[in-house]
Amino acid sequence: MTVGEKAAEAGAGTPPEVLDGPFSTRQLLRIDEALRLADQGSGLVFSVYVGGLDEPVREHVARLHRQLAEPDRSVLIAVSPNQRQLEIVTGRYARKRIPDTYTKLAALSMVASFGVGDLAGGIIQGLDQLASHAGRG
């Protein structure tokens, strides 16, 4: 369930009472919207994970990606602000639409936003760039 769905369930315009994590309700709603637009615009399935990552980080993120409902069509952006880690994993079909070169460019853009303290903005920008590179599917 997304934050937007929780808000709708709680009542029209009423945000959830408790949110844990680095984002405000407004930022979470913006990320939810960016995820929805990326999914609809590309036909791929985008997911974002923000939190601690076990070592080795890449393997942990790959495990998370495999647990998604449609891993072949999925793109997972995993960010661990405390560890200063960012990983983007694309499934087999998604990788054909978003080559590693474009994934790296999106990551660089995200890191630039993270560097000035804009975690939500970086994630939203990365989602937009990745979905734009994927095109319509």
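Of the listed requirements (1) hydrophobic (A, V, I, L, M, F, W, C); (2) in a loop (DSSP other than H, G, I, E, B); (3) more than 14 Å from the chain's Cα centre (by Cα), F23 misses just one: (3).
Can we say V111 is over 18 Å from L35 (Cα atoms) and either aliphatic (A, V, I, L, M) or without any contact (Cβ under 8 Å) to a residue 12 or more places away in the chain (or both)?
Numbers: over 18 Å from L35 (Cα atoms): yes; either aliphatic (A, V, I, L, M) or without any contact (Cβ under 8 Å) to a residue 12 or more places away in the chain (or both): yes.
Spelling it out, V111 is indeed over 18 Å from L35 (Cα atoms) and either aliphatic (A, V, I, L, M) or without any contact (Cβ under 8 Å) to a residue 12 or more places away in the chain (or both).
Each value in this text was obtained by applying a stated rule to the coordinates, not by laboratory testing. Keep in mind the model is a prediction, meaning the values are calculated, not measured. Virtual Cβ from ideal backbone geometry, glycine too; neighbours counted across all protein chains shown.
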